[in-house]
Structure formats: C-alpha cells, structure tokens
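Novice: Have a look at this one.
Where a number appears in this text, it was derived from the coordinates with a stated rule and is not lab data. Keep in mind that what you see is a predicted model, and the values were worked out from it rather than measured. Neighbour counts run over all protein chains shown; Cβ positions are idealised from the backbone, glycine included.
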C-alpha cells in the first residue's frame, strides 16, 4: 500500500488551506474600506488619461497593506480592460529584488524587453525601461513592497523612477511604496522623499474584534463546516491583537492550529491546538531569527548553549570567556567585552534570551541571563552555518571548559 493512501483516505479539516496564507488576496478586505476608497481615488486619474501622484503606504506588519494594494491594483486592471485603456500593474518585492539593477530589469522584462538580470550598466537598463514604456504607451502602476530594503542599495533607482515621467511622452509611471518601518522616511534622500511621499496612507493595527471578523471570513473558505471548536477563532484573534494587531499572526495561528489537529488525526480544531500552535510559531520564528544573525552573535549563542547544559542562568563574564575560546576554534578574532554586551542586548530584544542586570554588592553590577530558545533546536540552527560546524569536533573539550569556567566566577 502506498504510504500516502492512508493519509489521503483520512478525513480532512481543510477545504482550501491556501486561503490562510499571506499570499492570498481575498475578494473582500474587512475593515480596510476607508484605505481602499482612498487609494482608488488617488489612482483614478490613470483611468482618465492622467498621471496620479506617487503614494507612500506604511504601517506595522500584518495591517493589510500589501493585500489592500494588490486588491486595488487588480480592480484597476479590470476597470482599464473594460474601458479599453492601456493600464498595467507591476508588483516588486524589494526583499527579493533588492538592487537598482534588478528593479529596473524587472520592470523592463515586464513589458517584453530581454534585459538580463545581471551584466548591463545600470544606466543602460534605465534607458531600456524608458524605450520599452514608450513603445507600449502604457500607464504603469509600480508597487514597491518592502521599499525600505532599497534605501541603502538602490536609492538612485528610486530617484530615477520618481523623476522618469519628465522623460516620457507616451507613457507614465506611478509608484506605490509600502513599508513596515515607520522611521523609514528619516533615511531617505530629500530628493526622493519629496517625490515619493506626495500622498501618504497610514494603516492602523487591527483590534481583536476586527481580527475575529477577518478570521471568520477566511475560515468559511478554508475549512469544512463544523470543524472549529467554539473559542478557537476568538483565541487566535486575542493573541494576535496583543502582537500589535497583526493579521498575519492571526492567520498563521489558525492555519498551524488546524495542521496540528490534522496531524493528531483529530476531527476538530480545538483550543488546545491553538496553544500548541503558539509554542510552535514562537520556536519557528526564533530559529529563523537565529539563522539570519551575524557570526559573532551566533558564536555568542553557541557559548550560551554550552553553558546552559550545566546551569540555566549565567553572567556576561562567563559567556565572554567561552565565547573567546570558540572564536579561537573557528579562527575569528573575538570582539571586546563591551561590544559583546551590546550584542547580548540585541539578542534580548529579539527574544532569543532573557536578561536582567543584578547587583553583586561591592563587586559591582552584572547581567544575568538565560536562553529562551530550546537548546537542541538552537544548536541545530547554529550548526547550519558552515563556520560553526567544526565546533562539533571540540564539543567535549568545550563543555568541559564551559563547566570549569563557571566555577571561576
């Protein structure tokens, strides 16, 4: 018997699990009617042969910014087709397309130009964008999601795109920049800021009741009838409301809760599954955060994982001694203890560890900390970095050193 036959023959909770993913754009967006109408009014000149102002949209993660813009963009394209107008919408995720060259190449390729993703001078790609737009005679809405990722690497591309309309005759570009970073504009060049922020829309966080409405809407599409226990949606909404009204967090919680119930062969999603989902998501988020840390922070965490095998709590001095030993093993120059204290503060803010400053009387003050992440899972994530893989060879020696080091402090 095929191993999947048994799984496929069991009852399913989901009707369409993709409805609960971030990439899904619903037909209706609850509690974003004001922002949708505001955006539609600002973009309406595109359907009348004009060029709208550039728009900057910001708000915290999970407040519906991207979903709203994509929804309005889709409606704009549909309206332009009915009116037989040449209007196009192009979405760029700047976390992936993160250089001036790639942004311009992506735009040129959207309209049929054969620009390679690397190899040309940026000025040549910019000229190609102008040529292909003039050839098509289109009015283009360019959506730059996570636009803050472009500031350091592609500010000149942003400046060029905000000014490109003065060099076009038969076509035009309107930019929508989306950012989670409320302080993003502070880092923008004044030239770019004045052009990009002609119009601004702020997306406020959702409250618990609004999140509940969103989950109710998605649950009808995502699940079979009667599979959600009373209180599941309310709990998911309440937890997400505490996390700055993050709709993504609420959707993730509901989806992961259902996946856990499905793996446990339960016919219903219960409150206990939500509680398990909270722990799983927090662990997954923490491990994903660890993978993106700089190497010194990773070595620091590796030091803590060794020490925590002997004691749950430890001080900065204890960690620093083990950290220096590990740096020597991987051939990296250690940072100063002052800089390590800064890194510990950063890890504390990320929630990977928990630390408090305690008084040692006449010996002064020190920071006492403990790991919040599961030690084995943390170690596994750290050892994915090829520079730290060799530390396994010295694990016995390092554990012994860490243990002896505790008695010295």
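Novice: Using the C-alpha gyration tensor of the range 32-202, what are the square roots of 5 times its eigenvalues, in whole angstrom, with the largest one first?
Specialist: Each semi-axis is √(5λ); the values are 22, 21, 14 Å.
Novice: With a cut-off of 8 Å between alpha carbons and a minimum separation of six or more residues, what is the relative contact order of the range 293-408 in percent?
Specialist: With pairs under 8 Å counted, the relative contact order is 35 percent.
Novice: Okay, next question. Is the chain rounded, prolate or oblate when judged by the Cα gyration tensor, a ≥ b ≥ c being the square roots of its eigenvalues, rounded requiring a/c under 1.5 and prolate requiring a/b larger than b/c?
Specialist: Verdict is oblate for the chain.
Novice: Between 35, 217, 337, find the one with the highest GNM mean-square fluctuation for the chain; connect C-alpha pairs within less than 10 Å.
Specialist: Highest fluctuation of the listed residues: 337.
Novice: Between residue 41 and residue 349, what FRET efficiency follows from the Cβ-Cβ distance if R0 is 45 Å, with the result rounded to 0.05?
Specialist: Between residue 41 and residue 349 the formula returns 0.70.
Novice: Still on this structure: Would you mind checking the range 187-208 for residues with the amide N under 17 Å from a putative spin-label position 7 Å along Cα→C-beta of residue 51?
Specialist: Flagged as within label range: 192-199.
Novice: While we're here: Could you give the nm distance between label points at residue 397 and residue 96, where each point is 7 Å from its Cα heading toward the beta carbon?
Specialist: About 4.5 nm, to one decimal.
Novice: So if we plug the beta-carbon distance of residue 372 and residue 183 into 1/(1 + (r/R0)^6) with R0 = 22 Å, what FRET efficiency do we get, rounded to 0.05?
Specialist: The formula returns an efficiency of 0.25 here.
Novice: While we're looking at this one, here's another question. Given the Cα-Cα distance of residue 78 and residue 207 and 0.36 nm per residue of separation, how much length would full extension add, in nm?
Specialist: 43.3 nm
Novice: Just want the ordering: 101, 285, from fewest to most Cβ atoms lying within 10 Å of their own Cβ.
Specialist: In order of increasing Cβ crowding within 10 Å: 285, 101.
Novice: Relative to the longest principal Cα axis of the chain, at what angle does helix 122-136 sit, 0 to 90 degrees, rounded to 10?
Specialist: 40 degrees
Novice: Can you give me the convex hull volume of the Cα atoms of the range 193-239, divided per residue and expressed in Å³?
Specialist: That works out to 103 Å³ per residue.
Novice: Under 11 Å from a point 7 Å along the Cα-to-Cβ line of residue 267: which residues of the range 224-247 have their amide N that close?
Specialist: Inside the label zone: 227.
Novice: Next question. Which of 289, 311, 162 comes first, and how do the rest follow, when ranked by fewest Cβ neighbours within 10 Å?
Specialist: By the 10 Å Cβ count, ascending: 311, 289, 162.
Novice: Quick check: the angle from helix 337-350's long axis to the longest principal axis of the chain, C-alpha only, nearest 10 degrees?
Specialist: Once rounded, one gets 60 degrees.
Novice: Given a Förster distance of 25 Å, report the FRET efficiency between residue 86 and residue 198 from their Cβ-Cβ distance, rounded to the nearest 0.05.
Specialist: Calculated transfer efficiency: 0.60.
Novice: Return the single residue from 146, 27, 212 with maximal mean-square fluctuation; model: Gaussian network over the chain, springs between Cα atoms under 10 Å.
Specialist: 27
Novice: Quick one: P(r) of the range 293-408 from all Cα-Cα pairs, 5 Å bins, percents rounded to integers, in order of increasing distance.
Specialist: For the range 293-408, the pair-distance distribution reads 2, 11, 24, 26, 22, 9, 3, 1, 0.
Novice: Just to be sure I understand: with springs between alpha-carbon atoms less than 10 Å apart, which residue in 367, 32, 270 has the highest mean-square fluctuation in the Gaussian network model of the chain?
Specialist: It is 367.
Novice: Of all DSSP beta bridges in the chain, what percent run antiparallel (nearest 5)?
Specialist: Of the beta bridges lying entirely in the chain, close to 30 percent run antiparallel.
Novice: Tell me what the chain gives for mean residue ellipticity at 222 nm when only DSSP H runs of n ≥ 4 count, each as -39,500 (n - 2.57), the sum divided by the residue total, rounded to 500 deg cm²/dmol.
Specialist: Mean residue ellipticity at 222 nm (helix-derived): -16500 deg cm²/dmol.
Novice: On to the next question. Which shape class, rounded, prolate or oblate, goes with the range 73-138 when its Cα gyration tensor gives a ≥ b ≥ c as root eigenvalues, a/c under 1.5 marks rounded, and past that a/b bigger than b/c marks prolate?
Specialist: Oblate, since a/c reaches 1.5 and b/c is not below a/b.
Novice: For the range 8-84 and the range 194-223, write down the distance between their C-alpha centroids in whole Å.
Specialist: Centre-to-centre (Cα) distance: 10 Å.
Novice: Let a ≥ b ≥ c be the square roots of the eigenvalues of the Cα gyration tensor of the range 206-289; is it rounded (a/c under 1.5), or, if not, prolate (a/b larger than b/c) or oblate?
Specialist: The shape class here is oblate.
Novice: Hey, another quick one. Helix 33-43 against the longest principal axis of the chain: what's the angle in degrees, Cα atoms only, rounded to the nearest 10?
Specialist: That helix lies at roughly 50 degrees to the long axis.
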